[in-house]
Each structure stands twice: as structure tokens, then as C-alpha cells.
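Down below is the structure, laid out as C-alpha cells.
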Amino acid sequence: MKSEKKIALPGERIAVIEEFMPYSGSYPYAYEEDGNIYSSVVGIVRKDLSKRLIAVEPVPKCTRLPTYNDVVYGQVMSVIKDTVAVTKILGKEGGTRYEVTVTGLLHISQVSETVIRSIYDAVRIGDYIRAKVISRHGPPYLLTIKGRDLGVILAFCPFCHQPLRRHGTLLQCRNCRLSFKRKISAMYLV
Ligand SMILES: [Zn+2]
């Protein structure tokens, strides 16, 4: 079957029944409805002109996106209703960067084994976190910071913008002599 350069999207009309019949072999991803043929996946359109068959070959999954169980680094960009931290995933452990910037969501239930009342007790906007991907699909990807090595790895003072230093179970600004609550990773940088 000859392939077209065009990528078809799910639900996109790729032909009419007068031109082609959907091929139901190894790529059963084209279907007929009311005289039109649609693609059911993101894929490459293939045509057999002599047999008048049309098929869609799914594109291989992009490897340069986070996958299940990846340890990733991200920065908290915003917080929704005290319960979800919206995180920009910056890269994967080992220095691999993803080809696109993707969003990760950290829900309050994925902070620690104990119940916390607000996501603000764990992370704040601007914090850098080390997290693990717990969803198989995305974006957005679901993240967890449960576990000793996961959590905030770098945070800054909201008043003087100096990096906060770890002091016991809290983070501290030595300039302002203030302490801040976080879910701190054992790999905290300062
Ligand atoms: Zn400060």
C-alpha cells in the first residue's frame, strides 16, 4: 500500500466510499459511516489504488514524552483550589529533555502517606520538584511526590528570593529568619 505524507487525526474524513473501501487487515483503523471513510487513530494514510483500499497505520508512540514510572523534574506553575499543583515538566532524570514542554498534575493525595490539609503545605508556586509519573497517558501527566527522594528539591524565599536552606523538616531563609513548610525531597539541593 502506498503511504501518503499526510497524518490523519481521529475522526477525520479521509475518503468517500465511491473512491475507496476501508481495509480491514493489519491496520483496521479506517471505518465507514454514511458513505464517508474516517480515521480512528493518529496515523499515516495508506492507499492501494488498484484494489481501491484505504487504511490508516497508527504512528508509533513518541518516545520523547514522559512515560509511566519516569522520575521527572518540574516547576510548580499554579495551584488549583488548594488541592492540585500544576507543574511544568522540564526533563527526565538523567538529563533527558522531552521534545515538548508538558504539564504534570500533582494532587494533594499524592504528596505523602499522611493526610495534608492544603497542597500549600507541600509545594508553592515557583518550587522545583522531583516527582514520579503515575499515569500511562498524557499530557497532562499525573505525578506523585510520595517517597523519601521525591518532593521539593529547590525553593526560594517569597520575600528576598534567596534559595531556602533545609533545616530539619523545614526550609529556612537565613536573610529573613523565616521558616517554610514543604514536602522536602531527601535530595534537596541547598
Ligand atoms: Zn528571605
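Just to be sure I understand the filter: pairs with C-beta atoms under 6 Å, separated by 6 or more residues or on different chains, first member in segment 175-190 and at pLDDT 95 or above, second member within 15 Å of the ligand (Cβ to nearest atom) and part of a strand (DSSP E or B). Which pairs pass?
Qualifying pairs under 6 Å: Ser179/Leu170; Ser179/Gln172; Phe180/Leu171; Arg182/Leu171.
Does any residue in segment 1-30 that is under 13 Å from Leu53 (Cβ atoms) and acidic (Asp, Glu) come within less than 9 Å, Cβ to Cβ, of a residue that is at pLDDT 90 or above and part of a loop (DSSP other than H, G, I, E, B) six or more places away or on a different chain, and which pairs are these?
Close Cβ pairs satisfying both conditions: Glu19/Arg52.
Right, Val71: closer than 15 Å to Ile184 by Cβ and either modelled with pLDDT of 90 or more or in contact with a His (Cβ under 9 Å, 6 or more places away or on another chain) (or both) or not? Give the steps one after another, and end with the answer.
On the way: closer than 15 Å to Ile184 by Cβ: no; either modelled with pLDDT of 90 or more or in contact with a His (Cβ under 9 Å, 6 or more places away or on another chain) (or both): yes.
No; evaluated as a whole, the condition is false for this residue.
Can we say Ala122 is more than 16 Å from the ligand (Cβ to nearest atom), under 19 Å from Arg64 (Cβ atoms) and modelled with pLDDT of 95 or more? Quick ask: steps written out before the conclusion?
Numbers: more than 16 Å from the ligand (Cβ to nearest atom): yes; under 19 Å from Arg64 (Cβ atoms): no; modelled with pLDDT of 95 or more: yes.
For Ala122, the condition - more than 16 Å from the ligand (Cβ to nearest atom), under 19 Å from Arg64 (Cβ atoms) and modelled with pLDDT of 95 or more - is not met.
Tell me, yes or no, whether segment 113-127 has at least one residue that is free of Cβ contacts under 8 Å to residues at least 60 places away in the same chain and within 17 Å of the chain's Cα centre (by Cα).
No, that holds for no residue.
Of the residues that sit in segment 159-190 and are outside any loop (DSSP other than H, G, I, E, B) and under 16 Å from Ser112 (Cα atoms), which one is nearest to the ligand (Cβ to nearest atom)? If you could, list the steps in order and put the result at the bottom.
Of the residues in segment 159-190, the ones outside any loop (DSSP other than H, G, I, E, B) are 163, 165-167, 170-173, 178-181, 184.
From the residues that got through so far, the ones that are under 16 Å from Ser112 (Cα atoms) too are 170, 181, 184.
On the way: Leu170: 14, Lys181: 15, Ile184: 17 Å.
So the residue we want is Leu170.
Given the options Asp82, Asp48, Asp70, name the one that is acidic (Asp, Glu) and touching a residue at least 60 places away in the same chain (Cβ under 8 Å).
Asp70
Can we say Lys132 is over 11 Å from the mean Cα position of the chain (by Cα) and among the charged types (D, E, K, R)?
For Lys132, the condition - over 11 Å from the mean Cα position of the chain (by Cα) and among the charged types (D, E, K, R) - is not met.
Considering (1) assigned to a loop (DSSP other than H, G, I, E, B); (2) surrounded by 15 or more Cβ atoms within 10 Å (Cβ to Cβ); (3) of a type in the set (Gly, Ala, Ser), say which one Gly94 fails and leave the rest.
Of (1) assigned to a loop (DSSP other than H, G, I, E, B); (2) surrounded by 15 or more Cβ atoms within 10 Å (Cβ to Cβ); (3) of a type in the set (Gly, Ala, Ser), only one is false for Gly94: (2).
How many residues does segment 116-144 contain that are more than 21 Å from Ser179 (Cα to Cα) and part of a loop (DSSP other than H, G, I, E, B)?
Number satisfying all stated conditions: 7.
State whether the residues of segment 169-178 include one that is among the charged types (D, E, K, R) and surrounded by 19 or more Cβ atoms within 10 Å (Cβ to Cβ).
no
The values are calculated or read from the model by the stated rules, or taken from the named source; none is laboratory data. Remember, it's a predicted structure, so these values are computed and weren't measured experimentally. Ideal geometry is used to build each Cβ from the backbone, glycine not excepted, and the neighbour counts take in all protein chains shown.
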